[in-house]
Structure formats: C-alpha cells, structure tokens
Protein chains: 2
Amino acid sequence: MMMAEPNGDISRIENVPLRVSVADIIRQAILNGTMKPGTPVVEMALAEQLQVSRAPVREAIQILEADGLIESEPYKGKRVKPLTLKEVEELYSLREQFEAFAIRRIVERQVDVSELRRHSDAMFEAAERGDFAALNTADEAFHRALIRLADHDLMLGFWDNLYLRIRQIMALRNSANRDLRAVARNHPPIIEAIESRDMIRAISLISDHTRSASQIAPEELGIAP
Amino acid sequence: MMMAEPNGDISRIENVPLRVSVADIIRQAILNGTMKPGTPVVEMALAEQLQVSRAPVREAIQILEADGLIESEPYKGKRVKPLTLKEVEELYSLREQFEAFAIRRIVERQVDVSELRRHSDAMFEAAERGDFAALNTADEAFHRALIRLADHDLMLGFWDNLYLRIRQIMALRNSANRDLRAVARNHPPIIEAIESRDMIRAISLISDHTRSASQIAPEELGIAP
DNA sequence: GATCGTCTGATTGTCGACAATCTGATGATC
DNA sequence: GATCATCAGATTGTCGACAATCAGACGATC
C-alpha cells in the first residue's frame, strides 16, 4: 500500500563510518595548509593522534589517494602529494575546459541560470566587507553551480576532484593583496553572456577569468620542476 | 659521485601488494562482463574464493570504487555500479571533450603525431583478419595515444578512468555485426587533419567518430532510467 | 490486521597482533 | 677503501577475531 509520507521532511540521519570522519579531518589539514605537500603521512601516528586503530586511518588515506591529495609507494610510505607547476597549469586548464563545456550545454539546453546571480551577489557583498573567505566560498559556489547546471554528473565528479586541489593551491598562496571587488566584477558579464545565449563571449570570458586565476609564483608551492 | 648505470635497462621488478592483484582480478571480471552491473560484491565470498583475508579484498574494492566500477552503501553492501543511459551519454560526451582538447593542444604545440599511424595501421590489419579484439585494442591505443600526446597528465588520468567504464559498456554490447573496416577507416583522416593543422576539421571528425560509437540500445545495459 | 519488539542471519566496520618490505647503518672481508 | 652481509628501526601489508549495523522474519499485543 503506497502511502504518502506521514511525517514532514525529517532529514535522514546517517551513521558515518570512522574512515569518513578521519578522511575529513586529514583532508581539512591538507587543504588548509597544515599538512603541506611532501609531508609524510604515517598511519600509526595519525591513529594515535585520533585515538582510533590503523584500519580506518588506512581507509581514510585511500580515500585521499583517490582524491589525488596523497600519493603512496607500496611498502615505502605515503605523503601529501607534492605540487608541480605543470600540475597547477593542468588543473586550471582542465577546469577551463570543463567550464566551457558546461556553458555550451547550458546554452544549448536553455537552462535557467538565475541561481548564478545569487552567488554573484554574495561575492559583491563579501567584497564590500573585505571578507576574503566568504568571497572564496561564494566564488566556488558560483563555479560549481555552473557545472551542476550543465546536468552532467560525471563531469561534476571530476570537477569536484579537481577543485579540491585548486583549493589546496589557493590556501598555499598568500592570498592577501588582491582586489576583491575586481574578482566579483568578473562574474556578472558571464551570466549576461549566457542569458543572451552568446556562447562565444561567455566562453571567452570564462577562459580569461580562469587564466588570470591560475597565475602563481613557483616559490609559493615549495617545489618547482 | 654520480655514475652512469653500469647495467642496461633491466626492468625494475616490483613487489605487488595483494590488494593490487585482487583489484586486477575483480576489475577484469567486471570489464569482461562476468560481474554484471548490479551484482553484489561481498568481501567474505571473494576472500574465500581468492584464498586471502578480507583486508586486501576490502582495499581492492576501495580501489574499484575510486575507479567508479563499484558503489557502496555504508553498513549495507557493495555492488557493481549499475549503468544508466544518462551515464553512458555522459561518458561519451566527456570523452569527446577530452579528445577535442587534446587535439587543440597537439596542434598548438605542433606535436609529432606519427605514432598514431602505427595504431591506425594495426587497426586495418586487425580488420582484415576479422579480429575484433585486436581492433578494439588498437583503437584504444590510438585514442589513448592521442590524449597522451597532449602531455596533460591530469586529463590522462581522467581519461583512463573514463575509458575503463567505456570498456565495460563495450563488453556488454553484443559487439558482432559491425563493419570492422569501416571503423578502421575513420582514423586516417583524423591523423591527416591534425598533421595539416586543420584543428576545426580534426575536432569535427573526432566528434562524429565518438558520437557514432556512443550509440547503444538501452536493453543492452540491463537497466534503463 | 496493524503496530511494535525481538530475534536472527548477513554484511560491513574496527581492532590488535604479526608478517613482509624497505632504508640506512654497521661492521667484516678482500 | 670498495664491496658485501647482516642487522635494527620504521612503515606498510595481511590476518583472524570481534563489534556494529541493517534488513527481514516472526510473533505478541492491542
């Protein structure tokens, strides 16, 4: 007997395995720069620090390996994956491809992109307040929404993975002395180009935007080859 | 005292952890259709079958989860990820983007693509012999080389991941009754367009090629939504 | 006969112990 | 003083046992 839900939308509680909590903690440490590229990641040390056994730590590390944040050599050890200038360029160039592809799909399918305005507005607000963290959050929300609106789960998964590492890079970069308002101002023209279905212009704007974001000095990464 | 290697290129032997061997075996079973989408993946059963403990099996399954071949619900169970028509379309459409991006990079940088001819020739040879498996191998080698020549490790990683699932799809599809020679004939024009630096034409050819490869009947997947 | 406990079997999650592997140091041998 | 064994420490890999969780079956209760 199929019935309507008698209760409202009580949010589904979920029981999180330890490996997930552990992975979240370590991921955070990597993304906020506490664990810099090259730092050894030792199972036993983390297990003691977090008061769990090695098993969930091992699995958490495997998750982060899949994220591309940790690399491992069998029987040798694991460490936070070093960043190279080439990898940074690859991250940003591929992100540019994803966003261009997303725009093509969005324009072709005439998807409503009004959501983007919310994020853009949030960016201006954050810029006014000089709130750098909030600006970044809104910026990421904007770009992720752009990908999500393309309705392409596979690309969204790749994008999430890719953006994880971009966040890591941004954390390592001394993020001050940037013109917050200028960053915010980049976005409305993109929305307008999409809404007027000017694909060429929208993609061109996104490309410029991404390229300017990818500027980074090698010494900010620690290693260079 | 840096010295030249006294020995020739003796290939480095490597000690493979069990999880890798186990992952290879299970991956193969998924890719050749022995374990179809939806099949439950149970640790203990596999451990007994392979005569190892559960630990390496667990880790192998995590590897395949990262590959996108297995999905898991905590405390419930794991199974070979079901395929949907939408996912198939996403796989092929994203592959098309990757190949177009690769071609742009290759043409811009004037990369030598003579390697592609080797793979193309192998395809014709296989087609003559009516050797379907060899044709597929050469076809994959052709397309992977195209990506590799773009010199973009990040994209290559994504492509490998993506192509894994395309292999799975191709295995499920009743692959007979196709004109092998016609498949082979698709490729030389691509090489020629790249070598004559006609980016537009090369990308257009690749797109057509990918799109025609993506045709699949829903009932060939088992599930449809 | 609907609802609620309770139980049971299946599966995954976690633990502590032990084995295998790698690295570098130390010392024996020529 | 090179080269080779051997050893010790650190780290990861593997194992078997136990705990937690979930789904479904089976009744008891109203």
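Chain A residue nearest the axis that carries A onto B, by Cβ, with distance in whole Å, is A:66, 2. Taking θ as phi - 60° and the Karplus parameters 6.51, -1.76 and 1.60, the scalar couplings of region A:110-120 work out to 6, 6, 6, 10, 4, 4, 4, 5, 4, 5, 4 Hz in sequence order, x denoting glycine and proline. Taking amide hydrogens as placed 1.01 Å from N in the peptide plane, the amide H of residue B:35 sits under 5 Å from those of B:30, each at least 5 positions away in sequence or on another chain. Taken residue by residue and averaged, Cβ atoms of other chains lying within 10 Å of the Cβ of B:154-160 number 4. Starting from the label point of residue B:49 at 7 Å along Cα→Cβ, the same points in the other copies fall at 3.9 nm, in ascending order.
Remark: spin-label model distance residue A:15-residue A:140 equals 3.0 nm, labels positioned 7 Å along the Cα→Cβ axis. Ascending distances from the residue A:108 label point to its copies in the other chains, with the point 7 Å along the Cα-to-beta-carbon line: 2.2 nm.
Across peptide A:53-62, the mean count of Cβ atoms from other chains lying within 10 Å of each residue's own Cβ comes to 2. In this model, which of A:86/B:81; A:36/A:78; A:78/B:81; B:36/B:78; A:78/B:78; A:86/B:86 are farther than 22 Å apart at the alpha-carbon? Exceeds cut-off: A:86/B:81; A:78/B:81; A:78/B:78; A:86/B:86. Across the identical copies, the label point of residue A:85 (7 Å from Cα in the Cβ direction) is separated from its matches by 5.0 nm, in order from shortest. Across region B:61-71, coupling constants 3J(HN,Hα) worked out from phi with the 6.51/-1.76/1.60 Karplus curve, θ = phi - 60°, read 5, 5, 4, 5, 5, 5, 5, x, 9, 10, 10 Hz, and Gly and Pro carry x. Modelled label positions at residue A:111 and residue A:44, each set 7 Å beyond Cα in the direction of Cβ, lie 4.9 nm from each other. Computed extension gain for residue B:148 through residue B:204, at 0.36 nm per residue and net of the alpha carbon distance, reaches 18.2 nm. Amide H contacts under 5 Å for residue A:79: A:41, A:71, restricted to partners 5 or more places along the chain or on a different chain, H placed in the peptide plane at 1.01 Å from N. Computed FRET efficiency, Cβ-Cβ of residue A:75 and residue B:173, R0 30 Å: what is it to the nearest 0.05? The computed FRET efficiency comes out at 0.15. Distance between the 7 Å Cα→Cβ label points at residue A:36 and residue B:86: 4.4 nm. Computed from backbone phi with θ = phi - 60° and the Karplus coefficients 6.51, -1.76 and 1.60, the 3J(HN,Hα) list for region A:204-211 is 4, 5, 4, 4, 4, 4, 5, 4 Hz; x is used for glycine and proline.
Read-outs: derived from the displayed coordinates by stated rules, not from any lab. The model shown is predicted, which means the values in this text are computed figures rather than measured ones. Because the Cβ atoms are built from the backbone with ideal geometry, glycine has one as well, and the counts that use them run over all protein chains shown.
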